[in-house]
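Report on the following structure.
The values are calculated or read from the model by the stated rules, or taken from the named source; none is laboratory data. All values reported here derive from a predicted model rather than from experimental measurement. Cβ placement follows ideal geometry from the backbone for every residue including glycine, while neighbour counts extend to all protein chains displayed.
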Amino acid sequence: MTAPERQTLERMVGFPTVSNRPMRELAAYTAERAEAAGFRVQLHEDPDRPGKCNVLAYAGPEDAPGEGLMLSGHLDVVPVEGQTWTSDPFVLTQREDRLLGRGSSDMKGFIAAAITGLDGLDLSKLQAPLVLAWTHDEEVGCVGSARIVELFKQEPAPLPKECWIGEPTDFRILRMHPGHVAIEVVVRGASAHSSKPDLGASAIKGMQRVLTALEVLEAELATERRLEKYLDRPYVTLNAGMIQGGSAVNMVPDACTVLIGYRPLPGDPPDDVERRLRERLMNTKMPSGCTWTLRQVRATPAMLTKEGMPLQGLLTPHCCGGEPAAASFATDGGNLADLGISSLIFGPGSIDVAHAPDEYIEIQALQRAVGMVQDVVRARCF
Ligand SMILES: [Zn+2]
């Protein structure tokens with residue numbers, strides 16, 4: 001007989017919930033499963049993005065703010081285009097002691113284990129709240145969890161203060177990660193025929209000065225090292241990732257746009273580097289006729305959770321050793337911190353295979369995760 005967590009994972013992998021596609025069916029499936037287990041379930045569809053849903057499910061007493069536990073995971077997966085898979089990425093396939101499929105590790109495996117584990121508990125006996133938060137579009141900037149934050153800021157409701165995010169960590173506890181912020185700088189000039197450049201103002205020349213200011217800031221940031229014990233690159237990295245300007249080789253360009261990304265360190269406010277760049281640009285002399293504007297396109301906040309919260313104590317016996325460390329990737333935990341929720345990242349599967357072809361989870365790891373969810377929820381909420 002197929003193990004129930006494997007059956008659940010098989011169903012979940014079968015929904016091709018790549019971030020650019022609708023994922024209502026998978027959200028509905030997890031909502032049904034939560035309801036069947038005894039949760040009060042809300043499905044929140046994003047009015048601006050039809051087919052994109054967060055699932056919030058509640059069980060246990062409603063009048064114990066701060067206590068209890070939240071379990072969180074994202075329902076979307078990264079694309080498979082351009083990757084060579086040896087089996088259909090959306091059909092869970094066994095290869096020796098592994099199960100292959102897109103999202104098996106990142107992170108439908110944990111969600112399937114949680115759903116299965118909770119089926120085995122009598123939630124009517126909960127002494128503290130248990131909340132599930134399954135999100136959409138984590139892979140494209142933690143969009144779903146940002147919506148959850150908006151929702152609770154508009155209509156505050158008590159939530160547990162501790163959250164377990166089951167991203168694949170090979171059962172190591174991670175308590176921090178950098179964020180990612182994208183900003184756009186547009187330089188505007190005036191177009192003219194290139195035979196009469198004095199009649200125009202080159203936006204590309206203006207952009208040159210923006211990029212110089214950026215390079216100086218990048219060098220400055222590289223000297224501000226922090227959290228060296230935890231991070232490979234213990235400073236804010238900055239990258240001009242895309243640039244576009246001009247329309248013809250014989251025209252003076254009237255506009256040039258650059259998209260810049262930077263990664264705030266754990267504990268850094270997301271807007272810090274943006275503010276510093278703005279200040280630098282205000283002190284940069286632009287070519288006559290050129291102006292610039294700067295706007296934030298997207299911000300995924302960094303996360304920094306203090307050592308020693310109760311959840312850490314409950315995960316430690318299941319952990320494969322080592323001090324709580326830093327994740328190189330961002331998670332929904334950065335957004336959840338905005339609601340006063342402290343998260344730890346801990347789950348089955350490996351981030352090394354997460355976005356790769358033939359992504360897999362070990363059958364044994366999936367199975368162990370079921371028992372871990374039960375142990376932790378029993379200890380924290382019963
Ligand atoms: Zn993930």
| said: Anything in the range 1-15 that is buried (at least 18 other Cβ atoms within 10 Å of the Cβ) and not in a helix (DSSP H, G or I)? List them, or say none. | reply: PHE15
| field | Filter result for the condition that a residue is assigned to a helix (DSSP H, G or I) and at pLDDT 95 or above, over LEU294, LEU311 | value | LEU311
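Please verify whether ALA34 is over 20 Å from the mean Cα position of the chain (by Cα), of a type in the set (A, V, I, L, M) and not in a strand (DSSP E or B), treating the condition exactly as stated. I'd like the intermediate steps shown before the answer.
Details: over 20 Å from the mean Cα position of the chain (by Cα): yes; of a type in the set (A, V, I, L, M): yes; not in a strand (DSSP E or B): yes.
Yes: the conditions hold for ALA34.
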| said: For the list (1) within 29 Å of the chain's Cα centre (by Cα); (2) part of a strand (DSSP E or B), I need the number of the one condition that CYS256 fails. | reply: (1)
| note | Sole miss for LEU43 among (1) under 18 Å from SER343 (Cα atoms); (2) more than 16 Å from the ligand (Cβ to nearest atom) is condition (1)
| message | Among the residues of the range 230-245, are any buried (at least 18 other Cβ atoms within 10 Å of the Cβ) and assigned to a strand (DSSP E or B)? | response | yes
| task | Might you let me know whether the range 186-204 holds any residue that is at pLDDT 95 or above, of a type in the set (D, E, K, R) and touching a strand residue (DSSP E or B) at 6+ places or on another chain (Cβ under 7 Å)? | result | yes
| message | Take the conditions closer than 20 Å to ALA326 by Cα and in contact with a Phe, Trp or Tyr (Cβ under 6 Å, 6 or more places away or on another chain) and apply them to GLU224. Does it pass? | response | yes
| When you go through ALA133, ALA59, ALA114, ALA128 one by one, which is the residue that is modelled with pLDDT of 95 or more, closer than 25 Å to THR2 by Cβ and of a type in the set (Gly, Ala, Ser)? | ALA114
| remark: Of the residues in the range 322-360 that are acidic (Asp, Glu) and part of a helix (DSSP H, G or I), the one that is nearest to the ligand (Cβ to nearest atom) is ASP352
| field | Given (1) within 16 Å of the ligand (Cβ to nearest atom); (2) of a type in the set (S, T, N, Q); (3) part of a loop (DSSP other than H, G, I, E, B), number of the condition SER145 does not satisfy | value | (3)
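How many residues are surrounded by 15 or more Cβ atoms within 10 Å (Cβ to Cβ) and without any contact (Cβ under 8 Å) to a residue 24 or more places away in the chain if we restrict to the range 29-44? Before you say what the answer is, go through the steps one by one.
Within the range 29-44, the subset surrounded by 15 or more Cβ atoms within 10 Å (Cβ to Cβ) is 29-31, 33-34, 37-39, 41, 43-44.
Now restrict to residues that are without any contact (Cβ under 8 Å) to a residue 24 or more places away in the chain: 29, 41, 43.
Looking only at that region, the number is 3.
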| strands (runs of 3 or more DSSP E) within the range 59-123 that include 2 or more residues within 16 Å of the ligand (Cβ to nearest atom) | 69-74
| message | Looking for something touching a residue at least 24 places away in the same chain (Cβ under 8 Å), more than 15 Å from the ligand (Cβ to nearest atom) and within 18 Å of the chain's Cα centre (by Cα) - is there at least one such residue anywhere in the range 361-381? | response | no
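Look at LYS125 and say whether it is surrounded by fewer than 20 Cβ atoms within 10 Å (Cβ to Cβ) and over 30 Å from ILE243 (Cα atoms).
On the way: surrounded by fewer than 20 Cβ atoms within 10 Å (Cβ to Cβ): yes; over 30 Å from ILE243 (Cα atoms): yes.
Answer is yes for this residue.
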